Each structure stands twice: as structure tokens, then as C-alpha cells.
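This report concerns only the one structure given below.
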Amino acid sequence: MKDLKKRLVRGETLSGCWLNLGSPVTAEIVGRAGFDWVLIDIEHGAGSAGTVLHQIQAVASTPAAPIVRVESHARQRVHRVLDLGAEGIMCPRINTPAEAEELVRALRYPPEGVRGVATMVRATGFGQDFTSYHRDQADNLVGILQIETPEVLNHLDAIAALDGIDVLFIGPADLSMALGIFGQFDHPRFREALRATVNAAAKAGKAAGILIFDPEDFARYHEMGMRFIACGADATFVANGARATASRIDALRTDPANKPPESP
């Protein structure tokens with residue numbers, strides 16, 4: 001474990017990045033880039049439950065902590081990736097305190113939760129560390145709930161107060177779409193949703209977070225009170241790098257004025 005939850009409790013601001021490609025190679029590259037955490041996305045990403053293990057193994061050798069975004073708060077979805085060694089779970093489309101409680105219960109073993117017990121899994125050192133893993137689960141595993149619908153905005157205080165919910169994370173695309181203002185991140189309704197989320201998290205001693213699309217926006221959201229901020233994705237980095245290189249090559253090929261001077 002890389003103490004992600006302990007750092008959140010200390011009030012640190014942690015930066016992260018999405019992993020969309022399902023590739024252990026890009027997972028390792030991004031994990032070594034300097035982020036505090038990386039998120040393996042099996043809700044929208046190209047990978048699947050079958051690729052999660054290899055990505056977590058690749059990230060293990062890096063400073064970043066592996067978090068997995070599952071498709072739902074169903075117990076089976078959650079405990080499988082925890083057994084593989086995920087240090088946190090991000091869950092989309094939570095709307096009510098009852099659903100948030102189900103997520104927390106899926107994160108924890110009985111009697112506090114309903115997570116299935118398997119000792120011979122990667123998370124417990126294949127049986128060698130089950131006792132300590134079980135003892136410290138509540139102090140180490142990060143529960144991240146996405147704020148993506150108008151309904152959840154009515155329950156922010158109750159959800160933030162739940163032990164086991166550590167981060168209220170704004171999904172900007174889904175939330176703005178649900179509010180009828182897709183992509184309008186300066187719209188008063190969107191900004192009010194951000195403020196309400198930050199305030200609820202702060203009152204409960206939890207963190208608020210968001211995915212941003214431009215590093216230059218970091219200061220803006222940090223000043224607002226966001227402490228768990230993601231920017232970019234492995235797919236974005238590959239696409240942007242490829243396009244920039246192809247564009248430059250094309251410019252040099254088609255416009256002689258762009259060509260560098262020949263060596264004497």
C-alpha cells in the first residue's frame with residue numbers, strides 16, 4: 001500500500017491520471033510520470049476485468065497508487081478488483097445515501113461489510129499478509145464516489161458523512177450533461193454544484209476531487225478546495241503526441257519554408 005488514504009487524511013493535495021487503454025505498458029509509463037495515483041478505468045476504458053491485474057502489477061513498481069473505476073457498486077464488481085490489489089475504488093452514478101452505503105459495505109469484510117473473503121489473492125500476498133490486510137482495510141482502502149447527477153446533489157452531506165467514503169469526485173462531463181449544460185464548466189449551475197460538493201466534503205473532513213482537461217486549470221480548482229485532482233489519460237497523451245508529430249512532419253513535407261537549413 002502507498003498510503004494514499006493516510007495522505008488524504010493529512011490534507012494533502014493528490015494528483016492523478018486516467019488509464020483508458022487497458023495496457024500495462026502505458027500504465028507503467030504513466031505511473032512513473034509523477035502522479036500520486038492512476039485510475040484504471042473499466043467503466044469506459046478499452047480494458048476489461050481481465051486486463052486490470054496486469055495494469056496493477058505494472059503500476060506496483062511505480063510511485064503511483066492504483067485505483068480502479070468499476071461499472072457499479074455491486075459487491076462482485078468491487079471485491080474482485082480489490083483482491084487483485086487495487087488501493088481504491090471509484091464508483092460512478094451513485095445517487096443516494098443508501099447506494100453509497102452499499103459501496104462502503106462492498107469495500108469491507110464482514111461484519112462491517114459484505115466483501116467476499118479469499119485469502120489466497122494478490123492483495124493479501126497470496127495468503128502471507130491476510131491478517132494485516134484485514135486489520136488495516138478501513139485505514140488503507142480509498143472509497144471514491146462520483147458526483148454525476150442532479151439527484152446526488154440533494155444528498156451530499158449525508159453521503160460525505162459516511163465512514164468509508166473518502167472522496168466526492170465530480171465527473172464534469174456526466175454532471176454537466178445531466179444538468180443540461182454539457183461542457184459549460186463556467187455555468188452558474190455547474191459552479192454551484194462544485195461549491196456544494198467541496199463544502200460537503202470539507203464539513204465531513206473528506207476530500208473533493210475532479211477530472212480536469214487542461215493542467216492550467218489546476219490552480220483554479222485547487223483554490224476552490226479540490227484536493228484530489230486528475231488530469232489527462234494515457235490515451236490522450238498518445239493521441240496528442242501522435243497528432244503533433246504527424247502534423248509537424250506534414251508541415252515539413254508540404255511547405256519547403258518550414259524545412260530546417262541543410263548542413264553545410
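The values are calculated or read from the model by the stated rules, or taken from the named source; none is laboratory data. Values in this document were obtained by computation on a predicted structure and should not be read as measured data. All Cβ positions, even for glycine, are placed from backbone atoms using ideal geometry, and neighbour counts span all protein chains on display.
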So which residues in the range 48-90 are over 16 Å from Leu107 (Cβ atoms), of a type in the set (A, V, I, L, M) and touching a Lys or Arg at 6+ places or on another chain (Cβ under 8 Å), if there are any at all? Ala49, Leu53, Ile56, Ala64
Any residue that is modelled with pLDDT under 95 and either in contact with a Leu (Cβ under 6 Å, 6 or more places away or on another chain) or surrounded by fewer than 22 Cβ atoms within 10 Å (Cβ to Cβ) (or both) - is there at least one of those in the range 79-87? yes
Only unsatisfied item for Pro66, checking (1) assigned to a loop (DSSP other than H, G, I, E, B); (2) over 21 Å from Ala208 (Cβ atoms); (3) not aliphatic (A, V, I, L, M), is (1)
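What helices (runs of 4 or more DSSP H) lie completely within the range 1-63 and have 2 or more residues being in contact with a Ser or Thr (Cβ under 7 Å, 6 or more places away or on another chain)? Don't jump to the end; show me each part of the working.
On the way: elements: 4-9, 24-31, 49-60.
Because the criterion is at least 2 residues that are in contact with a Ser or Thr (Cβ under 7 Å, 6 or more places away or on another chain), the helices (runs of 4 or more DSSP H) in the range 1-63 that meet it are 24-31.
Within the range 231-250, is there a residue that is assigned to a helix (DSSP H, G or I) and closer than 25 Å to Gly143 by Cβ?
Narrowing the range 231-250 to residues assigned to a helix (DSSP H, G or I): 234-250.
If we keep only those that are closer than 25 Å to Gly143 by Cβ as well, we get 234.
Checked against the condition, which is being assigned to a helix (DSSP H, G or I) and closer than 25 Å to Gly143 by Cβ, the range 231-250 yields at least one hit.
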Search the range 1-29 for residues that are modelled with pLDDT under 95 and pair each with any residue that is assigned to a helix (DSSP H, G or I) when their beta-carbon atoms are under 6 Å apart and the residues are at least 6 apart or on different chains. Met1/Asn140
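Let's see how each residue does on (1) closer than 17 Å to Arg80 by Cα; (2) in contact (Cβ under 8 Å) with a residue 24 or more places away in the chain:
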{"position": "Ala106", "(1), (2)": "yes, yes"}
{"position": "Ala118", "(1), (2)": "yes, yes"}
{"position": "Phe130", "(1), (2)": "yes, no"}
{"position": "Tyr133", "(1), (2)": "yes, no"}
{"position": "Val142", "(1), (2)": "yes, yes"}
{"position": "Pro150", "(1), (2)": "no, yes"}
Among the candidates Ile89, Ile94, single out the residue that is closer than 24 Å to Leu168 by Cβ, under 19 Å from the mean Cα position of the chain (by Cα) and free of Cβ contacts under 8 Å to residues at least 60 places away in the same chain. Ile89
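With the requirement that a residue be in a helix (DSSP H, G or I), touching a residue at least 60 places away in the same chain (Cβ under 8 Å), surrounded by fewer than 20 Cβ atoms within 10 Å (Cβ to Cβ) and not small (Gly, Ala, Ser), what does the range 156-207 give you? Please lay out each step first, then the result.
Within the range 156-207, the first condition is being in a helix (DSSP H, G or I), and the residues that meet it are 156-160, 172-178, 188-203.
Checking the rest, the ones that are also touching a residue at least 60 places away in the same chain (Cβ under 8 Å) come to 158-159, 174.
Cutting the leftovers down to surrounded by fewer than 20 Cβ atoms within 10 Å (Cβ to Cβ) gives us 158, 174.
Correct list: Asp174 only.
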